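Below is one structure, written out as structure tokens, with a few remarks after it.
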Amino acid sequence: MKVLGIDPGTRIVGYAVVDQEMGQFHTYTYGAVVTQPHTLLSQRLKAIYETLTKIMVDFQPHAGAIEKICYGKNLQTAIRTGEGRGVALLAAAMFQLPVYEYDATKIKKSVAGVGSAHKTQVQAMVQAILQLPQVPNPLDASDALAIAICHLQHFQPNISEAGGILI
């Protein structure tokens with residue numbers, strides 16, 4: 001199953017397409033949509049939509065996985081993240097792509113073994129799991145890879161809510 005992992009935002013959106021066959025992971029692409037902070041929000045959201053749409057056309061994923069918004073720290077950040085997440089979900093809906101959400105603790109535990117792992121630990125583990133020649137950058141891209149890995153490790157097609165919630 002080919003999965004599009006998405007680390008949502010409006011300034012930077014991480015993306016990754018990964019699959020797993022017979023216990024082996026394969027990375028098709030990963031990176032980040034980086035928008036300029038002084039650009040109109042509508043233009044940043046358009047860039048996110050266009051990039052994610054192109055990735056779906058090019059790689060034809062079977063499912064999407066996205067990080068749940070953590071809103072406890074900063075309400076303004078949560079609202080902005082939600083705007084980027086909404087655009088990502090719209091892009092997926094246009095391709096009739098089912099999207100599952102995972103909380104950050106589950107994602108970190110899936111790749112690093114600990115739900116409180118630091119982002120650099122997640123980066124290093126993603127590199128090791130996917131056998132990448134270098135540490136994936138930026139952090140948003142490594143987070144998107146971790147989200148895709150998490151989905152591949154926990155998804156069971158005949159059991160609802162088997163680790164992620166279909167949204």
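The values are calculated or read from the model by the stated rules, or taken from the named source; none is laboratory data. Note that the coordinates shown come from a computational prediction; the quantities given were computed from them, not determined experimentally. Backbone-built Cβ (ideal geometry, glycine too); neighbour counts: all protein chains shown. Side chains are part of the model used for accessible areas, which takes the heavy atoms of the whole protein and leaves out ligands, DNA and RNA. Shrake-Rupley method; radii C 1.70, N 1.55, O 1.52, S 1.80 Å.
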Whole-Hz Karplus ³J(HN,Hα) for the stretch 106-120, in order, using 6.51 cos²θ - 1.76 cosθ + 1.60 and θ = phi - 60°, x for Gly and Pro? 5, 4, 4, 5, 5, 9, 10, x, 9, x, 9, 4, 6, 4, 5
Find how many whole Å separate the alpha carbon centroid of the stretch 4-51 from the alpha carbon centroid of the stretch 122-138. 16
Given [x] 44, 33, 32; [y] 51, 40, 35; [z] 55, 32, 23, which label gives Cα extents along the principal axes in Å as computed from the coordinates? [x]
Just the number, please: percent antiparallel of the DSSP beta bridges in the stretch 18-151, rounded to the nearest 5. 50
Could I have the simple spin-label model distance between HIS154 and VAL135, label points 7 Å from Cα toward Cβ, reported in nm to one decimal? 2.5
Measure nothing fancy, just the Cα-based angle from helix 41-59's long axis to the longest principal axis of the chain, in degrees from 0 to 90, nearest 10. 30
Skipping prolines and chain starts, which residues have an amide H placed within reach, meaning under 5 Å, of the one on VAL3, given they are 5 or more residues away or on another chain? VAL18, ASP19, HIS62
Rolling a 1.4 Å sphere over the protein heavy atoms, what is the accessible area per residue of the chain, to the nearest Å²? 52
